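Only one structure is covered here, and it is reproduced in the block below.
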Amino acid sequence: MQIVPNRRFSIQAATWLLLAAIALAVFAACVSENDLTPDQRAYTLDRELMCPVCDGQTIDQSHAQIAEDMKEIVREKIAQGESNGQIRDYFVARYGEVVLASPEASGFNLLVWLMPVVIAGGGALTVVWVLKNMRRGSAAATASIQNSTLADRQLEKYLEKVDADIGYGRDSAGISQTTEGRESGNG
Amino acid sequence: MTQRRAIAIGVGLPLVLLASLLAWGVAQNGGAAGRPGVNSSFGEVKLSAQPNAGFQLTTLDGSIVSLEQFRGKVVMVDFWSSWCAPCKAEGPMLAETYRVWRDRGVEFVGIAIWDERSPVDDFIQRTGIDYINGLDDGRIAVDWGVRGIPEKFFVNADGEVVRKIIGPNTEATLSRVLTELTDEALGIRTSSTR
């Protein structure tokens, strides 16, 4: 299959985007909490914890009293040397996993992480399948036209053979003249 | 498989799965996308505090009390606010129930949260509450996993947090729990109606 320039460009762009995303993920994974200042760690945790009495707000976004209290507790625990994991666990033990803005990628929660990938993959496969079917339909139509041209040619040959057998001459000008010749012969 | 059916499955199935996940999430959260700070309906819920949770509370008269010092008694720890309507409604009942139960090995501790000193004092005087009360700076509430008010935790005679009730109580609902816990402390087996 020949790759047209536009398509080659799209493939290259997609490859670069994928590589960039992988590099970003690797970089993010390499930045440990020890590389951050206590304030940066606190802000990170503030964005990871939901306010238990607010509608879909993290404690970073909320100004509810309980959110302010939770922010203070986060800072106290950082000062006491607790890790981000320990601080998250503290809140999860009291408010359940709903206190986490992003659920842990384990157990049933894996569904939440896998579902978008499955949906995107399924959507992409459906699109590819539909496009392939459309292309196959178009190829079939072209083949049908080619087949009918072939049939015309075979019919012409057959008619020439019939003309020859019954004694009508055909010149190189084609069927119409042959027909005229046949008609004049009849007259 | 026809093209139309493939598209229906490719689009419909993920949508159904997404809707199921959303429904599950809402059901997990008690039917609400987010909880307000006031528990206006009564119910016993899953325990949020650790069984060994404790507190150090500065009471309104300035002394410091800890849960530890009530070991051997059944303790009801009530998180409330003077501005919360269900808390205000049940205040007189709590005061009366305490008078009935205080000589039966039961202690009540009120912890006012998200509130200020003056309205708390005012409310306690008006309702005649005479059990220990203090104003929390928010640490105890978070440590006990409080989501709204009123919320009551019940601590058994061994100092373990064993039950949690949210919303406004009646004398009957409160007495039922206290009966069960005091019976348990005395080694009397009662048929629990939890």
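Find the sum over both chains of the accessible area lost when B and A are paired, probe 1.4 Å, and report it in Å² to the nearest 100.
Numbers: alone 10760 and 13980 Å², together 22410 Å².
Separately minus together, B and A give about 2300 Å² buried.
Can you give the helix-only mean residue ellipticity at 222 nm for chain B, where every DSSP H stretch with n ≥ 4 adds -39500 (n - 2.57) and the sum goes over all residues, rounded to the nearest 500 deg cm²/dmol?
Working: 5 runs with 74 residues, N = 194.
For chain B, the value works out to -12500 deg cm²/dmol.
Quick one: grab Rg to one decimal and Dmax as a whole number for region A:46-169, Cα atoms only, in Å.
35.4, 112
Step through the residues of region B:134-143 one at a time and calculate ³J(HN,Hα) from phi using the Karplus curve (6.51 cos²θ - 1.76 cosθ + 1.60, θ = phi - 60°), rounding each to whole Hz and writing x for Gly and Pro.
x, 10, 8, 8, x, 5, 5, 4, 5, 5
Give me the inter-chain shielding for A:131-137: mean count of other chain Cβ atoms within 10 Å, whole number please. Please list the in-between numbers first.
Values: counts 0, 0, 3, 1, 0, 0, 1.
What the average comes to for A:131-137 is 1.
Taking amide hydrogens as modeled 1.01 Å from N in the peptide plane, which residues meet the under 5 Å criterion relative to B:Phe55, leaving out close sequence neighbours?
B:Leu67, B:Glu68
Quick one, could you list the DSSP H helices from chain B stretching 15 Å or more along their long axis (Cα atoms) with average Kyte-Doolittle hydropathy of 0.5 or above? It would help to have the intermediate numbers written out before the result.
Details: long enough: B:3-28 (38 Å, 1.27); B:85-101 (24 Å, -0.24); B:117-127 (16 Å, -1.01); B:171-185 (21 Å, -0.15).
Sorted by number, the helices that extend far enough and score high enough are B:3-28.
For region A:33-102, what's the radius of gyration and Dmax over Cα atoms, in angstrom?
Looking at region A:33-102, its Cα Rg and Dmax stand at 11.0, 32 Å.
For region B:99-179, rounded, prolate or oblate, judged on the Cα gyration tensor with a ≥ b ≥ c (square roots of eigenvalues), a/c < 1.5 rounded, else prolate if a/b > b/c? Mind showing how you got there, number by number?
Numbers: a/c = 1.70, a/b = 1.20, b/c = 1.41.
Oblate is the answer for region B:99-179, as a/c is 1.5 or above yet b/c matches or exceeds a/b.
Return a whole-number percent for the relative contact order of region A:33-102, with Cα pairs under 8 Å and 6 or more residues apart as the contact set. Show your work: numbers first, answer last.
Numbers: 77 pairs, mean separation 23.7, N = 70.
Averaging sequence separation for qualifying contacts and normalising by length gives 34 percent for region A:33-102.
Taking θ as phi - 60°, what are the ³J(HN,Hα) couplings along region A:40-55 by the Karplus curve (6.51, -1.76, 1.60), each to the nearest whole Hz, with x for Gly and Pro?
Whole-Hz 3J(HN,Hα) from phi for region A:40-55: 5, 4, 4, 5, 4, 5, 4, 7, 9, 10, 8, 6, x, 10, 10, 7.
Please identify the GluC sites (Glu not before Pro) of region B:95-194 that satisfy two criteria: DSSP loop assignment and at most 16 other Cβ atoms within 10 Å. Which are they?
Working: sites: B:Glu96, B:Glu107, B:Glu116, B:Glu151, B:Glu160, B:Glu171, B:Glu180, B:Glu184; in loops: B:Glu116, B:Glu160.
Within region B:95-194, the qualifying GluC sites (Glu not before Pro) (loop, at most 16 other Cβ atoms within 10 Å) are B:Glu116, B:Glu160.
Would you mind checking which residues have amide H under 5 Å from B:Asn133's amide H? H placed 1.01 Å from N; only 5 or more apart, or other chain.
It is B:Leu60, B:Gly110, by chain and number.
Taking 8 Å as the Cα distance limit and 6 or more residues as the minimum spacing, I'd like the relative contact order of chain B as a percentage. Numbers along the way, then the final one.
Numbers: 295 pairs, mean separation 58.4, N = 194.
Averaging sequence separation for qualifying contacts and normalising by length gives 30 percent for chain B.
Which entries of A:Lys132/A:Lys157; B:Lys46/B:Lys88; B:Lys46/B:Lys73; A:Lys77/B:Lys88 have Cα-Cα distances beyond 27 Å here? Let's see the in-between values first.
On the way: A:Lys132/A:Lys157 37 Å; B:Lys46/B:Lys88 24 Å; B:Lys46/B:Lys73 22 Å; A:Lys77/B:Lys88 34 Å.
Result: A:Lys132/A:Lys157; A:Lys77/B:Lys88 exceed 27 Å.
Taking chain B, how much of its Cα-Cα pair set, in percent, is spaced more than 24 angstrom apart? Present the calculation step by step, with values, prior to reporting the outcome.
Numbers: 8384 of 18721 pairs.
The answer is 45 percent, as a whole percent.
Rounded to the nearest whole Å², what accessible area per residue is found for region A:33-102 with the 1.4 Å probe? Don't skip to the end; give the middle numbers.
Details: 3420 Å² over 70 residues.
That works out to 49 Å² per residue.
How well do other chains shield peptide A:66-74, expressed as the mean number of their Cβ atoms within 10 Å of each residue Cβ? Could you put the intermediate results ahead of the total?
Working: counts 9, 1, 2, 10, 3, 0, 4, 4, 0.
Mean partner shielding for this stretch: 4.
The values are calculated or read from the model by the stated rules, or taken from the named source; none is laboratory data. Predicted model, so just to flag it, every value in this text is computed and none were measured. Here Cβ is always computed from backbone atoms with ideal geometry, including for glycine, and neighbour counts include all displayed protein chains. Keep in mind that these areas ignore ligands, DNA and RNA; they rest on the heavy atoms of the full protein, side chains included. Shrake-Rupley method; radii C 1.70, N 1.55, O 1.52, S 1.80 Å.
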